[in-house]
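Undergrad: Quick one: the structure is below, and I'll ask about it shortly.
Read-outs throughout are calculated quantities, based only on the coordinates presented, and are distinct from any laboratory measurement. Because the structure is a prediction, the values reported are computed rather than measured. Positions of Cβ are backbone-derived with ideal geometry, glycine not excepted, and every protein chain shown enters the neighbour counts.
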Amino acid sequence: MPAVRTRAPRRAASRAVENSVRRRGYARVAGADEAGRGSLAGPVVAAAVILDPDRRLPGLRDSKLLTPAQRERLYALIVTRTTWAVAVAPVADVDRLNVHRASLDAIRRAVEALSPPGNYAIVDGFRVPGLDLPHEAILRGDRRCAAIAAASIVAKVTRDREMVRLHTLDGRYGFDQHKGYGTRLHLDAIARHGYSDAHRRTFTTAAGRATSAAVC
């Protein structure tokens, strides 16, 4: 009888990193992440979250592993049970700075907007230039660290809501469906209608090169 292949359960993000940092004397550990880096349209949204060590958030994991309904449920818990802040890098900043620098700048502003402030930050993927706070980058932190996972959810839900709002202003592109990412629906709409004010004029290709979009 052939072996039955089963899918491993998606584990909730751990608080082990945050707890380790707290044992080093940092009581308020902020997790930070962004949403929208790979999109063709709309802003990058960054979020920072400080979890309350005494309050549970069951099911917390990377926003990309959750359904929209699960994200909304966890978002409602996060914004009532944690200290959190968001910062937005609009399309103009993405085009002026490039998406990587604009994303890191938004993360810096989100961490610095926390009130009460954090005294240490853990960031998904990259260290943050100009962040006046001890911090470290955690590779795949949105899957490993609960505070970063919480930040990924806040950033994703906030940005998705903004893309739905942009759809109400201009329904030609289907922003409410693909949230600005390069789906076939979106690319076909661009081919028909050209670029809107919500579209980035520069983006990063799969090869990692900054590319200018032809404005129709």
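Undergrad: If you add up the charges near Val91, with Lys and Arg at +1 and Asp and Glu at -1, over every other residue whose beta carbon is less than 10 angstrom from its beta carbon, what do you get? Numbers along the way, then the final one.
TA: Working: positive: Arg96, Arg200, Arg201; negative: Asp93, Asp95, Asp197.
Residues close to Val91 contribute a combined charge of 0.
Undergrad: Work out the length of the dipole vector of the chain about its Cα centre, built from +1 on the beta-carbon of each Lys and Arg and -1 on the beta-carbon of each Asp and Glu, and round it to the nearest 20 debye.
TA: Details: 36 positive and 21 negative charges, 167 e Å.
The dipole magnitude comes to about 800 debye.
Undergrad: Quote the charge dipole size of segment 27-114 about the Cα centre in Debye, to the nearest 20; the model charges only the Cβ of Lys and Arg (+1) and of Asp and Glu (-1). Don't jump to the answer; show the numbers that get you there.
TA: On the way: 13 positive and 10 negative charges, 43 e Å.
Using Cβ point charges on Lys, Arg, Asp and Glu, segment 27-114 gives about 200 debye.
Undergrad: How far is the Cα center of segment 64-99 from the Cα center of segment 123-154, in Å?
TA: 13
Undergrad: Quick one: plug the Kirkwood hydrodynamic radius of the chain (C-alpha pairs) into Stokes-Einstein at 37 °C, 0.692 mPa s, and report D in µm²/s. Spell out each step's value before the answer.
TA: Details: Rh = 18.0 Å.
Estimated via Stokes-Einstein, D reaches 183 µm²/s.
Undergrad: Rank Ser63, Ser14, Ser115 by mean-square fluctuation in a GNM of the chain with C-alpha springs under 10 angstrom and give only the top-ranked residue.
TA: With Cα springs under 10 Å in the chain, the top fluctuation among Ser63, Ser14, Ser115 is at Ser115.
Undergrad: Would you calculate, for the chain, the mean residue ellipticity at 222 nm contributed by helices, counting each DSSP H stretch of 4 or more residues as -39,500 (n - 2.57) and dividing by all residues, to the nearest 500? Could you put the intermediate results ahead of the total?
TA: Numbers: 8 runs with 85 residues, N = 216.
Rounded to the nearest 500, the figure is -12000 deg cm²/dmol.
Undergrad: Would you mind telling me which residue in Arg192, Arg127, Arg15 has the biggest mean-square fluctuation in a Gaussian network model of the chain, where springs connect alpha carbons within a distance under 10 angstrom?
TA: Sorting by GNM fluctuation, first place goes to Arg192.
Undergrad: Please report, in whole Å³, the volume per residue of the convex hull around the C-alpha atoms of segment 39-114.
TA: So the per-residue hull volume is 101 Å³.
Undergrad: Say each of Ser20 and Asp54 gets a label point 7 Å from the Cα, pointing the same way as Cα to Cβ; how far apart are those two points in nm?
TA: 2.7
Undergrad: Still on this structure, I have one more. Can you give the extra length, in nm with one decimal, that the chain gains between Lys64 and Arg96 once fully stretched, where that is 0.36 nm per residue apart less the Cα-Cα distance? Intermediate results must be reported in sequence, preceding the final value.
TA: Values: separation 32, 0.36 × 32 = 11.52 nm, distance 2.75 nm.
Result for the pair: 8.8 nm of gain on full extension.
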